Structure formats: structure tokens, C-alpha cells
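First comes the structure, then the notes that go with it.
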Amino acid sequence: MARLNLDGVSRSFGGVQAVKDLSMSASPGRIVGLIGPNGAGKTTVVNLITGLLKLSTGRIRLDGTDISELPPHAIARMGVARTFQDIRLLKEASVLDNIVVGFHTSDKTSVLAQAIGSPGVRQVRRTIVGRARALLDEFGMAGYADFLAGELSYGHQRRVEIMRALALEPNVLLLDEPAAGMNDVEAAELGVVFRRLAGRGLALVVIEHNMRLVMSLCDELYVLASGELISHGAPAQVQSDPRVVEAYLGGEVC
Amino acid sequence: MIEWLASYQSLVDLILLDCGLALSQFVVLRAGVFSVATPGLASIGAYTAAILTLRMGVPAAAGTLAAMLAGTAAALLLSIPLSRLRGVFQAIATVAMVQIVLSIALYATAITGGANGLNGIPKQVGTLQLLLVIGLIVYVLVCLGRSRVGYAFDAMRQDETVATSLGISVARYQALAFALSGAIAGLTGALMAYHNYSVVPEEFGFGMLITVLAYVVLGGRHSVLGPLVGAFTLGILPELARPLADNRLIVHGALLMLVIIYLPHGIVDSLWIAYRRRLGRSAQSIIATKDIADGAA
């Protein structure tokens, strides 16, 4: 059964239809690719799923529950995590703190207990820091814990963003161009990580322009052009779809 | 000698009271809420304490508690309309709030004593009590700063969209920041009433707003140490040299401009960031050496 379900989703800004009647789904253990030329509406789809933008029409369901009207923080709390196309780390904070902040929902201590600095709160914080360090280890970045996030290279910043998203312990992970600014070796490494995450039962939705990565990584592709779904299927199938070729390279010149 | 000590003590008291106001201003700024309501909230606290003690003979401890609750309640009420505003609009709305409180204090003569204020409040707060209360506030803020609340505040200040994407309810934490700021301001207002013998409306006006804001801008808004350093620096400055005292406002203004241009994060946070950078660089060289060693092996 699909975990995330978009049913006839549309969104218009004034007269412009950014997303038109899109239906798609993502399931546990699978990596879904969302591709299309620039301006196709891919990031808008992520913003609609996470509740940052309200739907004009349609429904979005998570494990059968309608999340179309929920505020963004409630959707995050239900296990939908994301990364941002324009990396958005807390640049004034250390790498470790950037990941620790991602564990917000795992800390269930009361504000009062926090205010008096109770030992229970300190215990929870220690556990969280331990889990953040474990994530850093897993991504091969243990040595960077004390760096300021803004000082890292592009590729490393993207990885910190992914770790922060994973700190939410999501069921669905939406990755907006995770391999942008990485070379093929780094991108391939990231692909291995994504496959491992899917293996743990996460549903992944990846927006990506690196076609080599998309074709080798994704189980299923959705192709958007001008807000419309023009093709859907296995990577090989989509690759040979004349409509996709036309969207990317333009139509035949008569 | 005793005279010198006595004058010194009054300066310490003054700085401690300003620390309380600075901490109230700090809490909202740390959470990314651009409220400057602290003087208005402190005024509510001071009048609550003064009225309760003068008219009803309530003891200082109970008056202080009531002032804290009044400050919290006023701040929570204020947070409802302000949650729809952001940035400079929040600032403008809270400036208006400070002016409204000031006007009420001036014109509700029957309750507040009007322009003359309330006088003859028995002095029940000295340096020791001030130290205790400010110390307690600092302790609570440090504890909160190191736990979920502090991380949520930092995330909201730096990027609200990121904060919501991590499950942080911005509206709830903004209300919490307001409530904390109101509680601290109310508490400090009560201390002022029980310390200064009198409460006058103009004390809690635009001048206080700018001064308190300057403390936090100068000191920094991430670490709890920031507002304290700011209040101490600007509090001691006029005592160091007569010309500094005579041109107090000019010195404040010049200092603020310098800090905003050269240390935009404030003294404490800029030092912290510089320290982190150095730590990062030395870590980078360690990683680089290790990579070379691994490559050689």
C-alpha cells in the first residue's frame, strides 16, 4: 500500500498553474524520482506535500490520513521530512547543533522540567547528542561535528541537511536536489545511502537533475513539465518516452 | 570610603535591574521575535507591585509574584495579535503597546497616580535580593537554552521555514518566548518598585526601550551572557570618565553603530563564532593530515 498519496493535486499562483492535476504515490522501501525541466513545478510539489503551500484542489494522504489541511509543523510531526534545494542550514550553529535541532520531536520533556534543569532533561539531551553523533558517523562526518555549518563545502552541507531530516525519524523523506553541487563519485555515494534508507522502510521522493544518479537509483519516475505529469513508469520506460525527450530537448523543428 | 562604597553599590543595583530588563528583551530576540515590549511589560509589573503594596498592604514577595504573573498575562495577550506579524511590523506594534501602557499610567490618575507616579513604596529590595532574583532568571534561561526550547528558539530565529519542517510549532514557541519575556519584565518591574521607593510613568518609555535594545544588540542574542555583558558595558561606561557620562547618548549611539557594522552578532556571540571558526580550522587541518596519512598507508 502506498504511504504517501497525491490525488488530483493542483496549485495555481494567480493565473499560473504551477501544478496541474497531479496524482502520484510513494511507498515504503521504494525510491521515487520526480524529474522535469527547470520550472516544471517539482519544488512546488514538495512544498505542497509539506504544507508550506496550500492546495488549490486535490487531496494528499499519508497512510490513509488526509494531511491536505494540516499546518507544516503537524505534517512534519507525522513523519514527513524534507531537505531544501537552496541548502538551509543554521549557519550560526555548529554541525552537531544543526543535527541536534532535528531531534525536536523526540524530546518529550516538559518546558517546566527544562526550565529547572532537571536531571531527566539532561539525560534526554545526552541521548539526543549521542544519536546525532551516530548519524555523523554513519555519513562519515564525525570529524566535522564542531565546525560551523556555514563553513562546510556544498556537498557536506547537503549531507548535514539530510542528517537533520533523518533526525525527525521520518516515514517519508523528500529530497530536493540532494546531489546538486556534487561530483559523480559523491553522488554515487549518496545513492548508496538512499538505497540503505529505503531498505529500512522509508519512502523516498527524490528531485534530481543528475540523470545518471536518477536512472540508476530510482525504482519509479514521475516526469513533470509545466506543472503537468507527462510520463510515469520505470526509468528505462520513461527514458524512451517521446514526450519526455520533447520536454527536455524541445519539439521537432519543422 | 564608606561614601564611595555606597555610591558604588547603587551602580551595581542599577546594572542588576538593567540586566533583568536586558534578559527580558533577549528572550524574544533569541526566538526571532522582534518585540520591544519589555518597557511596557516592566511598567505593568512595577505598577502591579506598587499598587498592591501601597493600597492593599500586600507583602513584597507576594507583590513580586503578582507582578510576574501580570507581566506574563499581558505578554501572552499581546502574543495573539503579534503572531500574525513579522519583523519590523512586530517592532512597530510593540512600540505602540509601550506607548499605550505609558498613556494609561499617565492618565489613569486614580489608580496610577498620573504623572507624579506612586511614591513612598517601602524599600524591601537590596543588592542581595537583586542578585538572587537575577541569578535565578539567568539559571532558568541557561537551562532552557540548553534544552529543546533553546534549540527551537535558535532554529526559529535563523530560519522559520526550517523550524516548521522539523516539527516546531512557531506560533507556540513565539507565545512561549513572549510569556517568558513578560514574566522576566514583570519581575524586574516589581524589583524596581521595591528598590527605587517610587514608580513614575516616563521611566518606562521610549528611552528605556532603546537602552534595553542596545544592551542586547551590543552583547548578543544567542548566549545568555550576551545581554549581561551588554548591560554591564553600557552601565559602567558613564562611570569610567566624566565626558562619557556627559555625552552618554552620543557614546551609546556611536558604540551601537560600531557593533552593528563590525560585530553584527554582538560581542559575546561574535567571540563565540570566531572561536568556533578557529576550532573548525584546526579540526580541518587534523582531518587533512589524517587523510594524507591514510593515503600514504
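The values are calculated or read from the model by the stated rules, or taken from the named source; none is laboratory data. Computed from a predicted structure; not experimentally measured. Cβ sites come from the backbone with ideal geometry, for glycine too, and all protein chains shown count toward neighbours.
Among the residues of the stretch B:261-297, those identified as in contact with a helix residue (DSSP H, G or I) (Cβ under 7 Å, 6 or more places away or on another chain), modelled with pLDDT of 75 or more and not basic (K, R) are B:L263, B:H265, B:G266, B:I267, B:V268, B:D269. Each residue in the stretch A:58-95 was checked for being farther than 27 Å from A:G39 by Cα and away from chain B (no Cβ under 11 Å), and 4 of them qualify. Regarding the stretch A:138-146, can at least one residue be identified that is in a loop (DSSP other than H, G, I, E, B), in contact with a helix residue (DSSP H, G or I) (Cβ under 7 Å, 6 or more places away or on another chain) and charged (D, E, K, R)? Checking the stretch A:138-146: at least one residue is in a loop (DSSP other than H, G, I, E, B), in contact with a helix residue (DSSP H, G or I) (Cβ under 7 Å, 6 or more places away or on another chain) and charged (D, E, K, R). Per the conditions (1) under 18 Å from A:I31 (Cβ atoms); (2) assigned to a helix (DSSP H, G or I), the sole criterion not satisfied by A:E246 is (1).
A count restricted to the stretch A:72-94 and to residues that are of a type outside the set (A, V, I, L, M) and surrounded by fewer than 16 Cβ atoms within 10 Å (Cβ to Cβ) stands at 2. A:I116 fulfils the conditions (1) facing chain B (nearest Cβ under 8 Å); (2) in contact (Cβ under 8 Å) with a residue 12 or more places away in the chain except for a single criterion, (2). Residues of the stretch B:228-247 that are surrounded by fewer than 13 Cβ atoms within 10 Å (Cβ to Cβ) and of a type in the set (D, E, K, R): B:R242, B:D246.
Which residues, taken from the stretch B:47-64, are surrounded by fewer than 16 Cβ atoms within 10 Å (Cβ to Cβ) and among the aliphatic types (A, V, I, L, M)? The answer is B:M56, B:A61, B:A62. Note on the stretch B:89-159: enclosed helices (runs of 4 or more DSSP H) holding 3 or more residues that are over 17 Å from B:S223 (Cβ atoms) and either in contact (Cβ under 8 Å) with a residue 60 or more places away in the chain or more than 9 Å from chain A (Cβ to nearest Cβ) (or both) are B:109-112, B:127-145. Checked against (1) in a helix (DSSP H, G or I); (2) more than 16 Å from the chain's Cα centre (by Cα), A:V193 meets all criteria but (2). Only one of the numbered conditions (1) among the basic types (K, R); (2) at pLDDT below 95; (3) more than 16 Å from the chain's Cα centre (by Cα) is violated by A:K42, and that is (3). Residues that are out of contact with any Asp or Glu (no Cβ under 7 Å at 6 or more places or on another chain), among the basic types (K, R) and surrounded by 17 or more Cβ atoms within 10 Å (Cβ to Cβ) within the stretch A:25-68 comprise just one, A:K42.
I'd like to check something: does the stretch B:196-212 contain any residue that is surrounded by fewer than 23 Cβ atoms within 10 Å (Cβ to Cβ), within 14 Å of another protein chain (Cβ to nearest Cβ) and not in a helix (DSSP H, G or I)? No, the stretch B:196-212 has no match at all. Among the residues of the stretch A:7-22 satisfying the criterion of being in contact with a helix residue (DSSP H, G or I) (Cβ under 7 Å, 6 or more places away or on another chain) and under 17 Å from A:N38 (Cβ atoms), which is surrounded by the fewest Cβ atoms within 10 Å (Cβ to Cβ)? The residue in question is A:A18. Within the stretch A:149-175, the set of residues being out of contact with any Leu (no Cβ under 9 Å at 6 or more places or on another chain) and not hydroxyl-bearing (S, T, Y) comprises A:E151, A:H156, A:E169. Do we find that A:L53 is out of contact with any Gly (no Cβ under 9 Å at 6 or more places or on another chain), within 14 Å of another protein chain (Cβ to nearest Cβ) and in a helix (DSSP H, G or I) in this structure? It is false that A:L53 is out of contact with any Gly (no Cβ under 9 Å at 6 or more places or on another chain), within 14 Å of another protein chain (Cβ to nearest Cβ) and in a helix (DSSP H, G or I).
Scanning the stretch A:97-113 for residues that are among the hydrophobic types (A, V, I, L, M, F, W, C) and at the interface with another protein chain (Cβ under 8 Å from one of its Cβ atoms) yields A:V100, A:V101, A:V111. The set of residues from the stretch A:142-187 being over 27 Å from B:R278 (Cα atoms), crowded, with 17+ Cβ neighbours inside 10 Å, of a type in the set (A, V, I, L, M) and more than 10 Å from chain B (Cβ to nearest Cβ) comprises A:L166, A:V172, A:L173, A:L175, A:A179, A:A180, A:A187.
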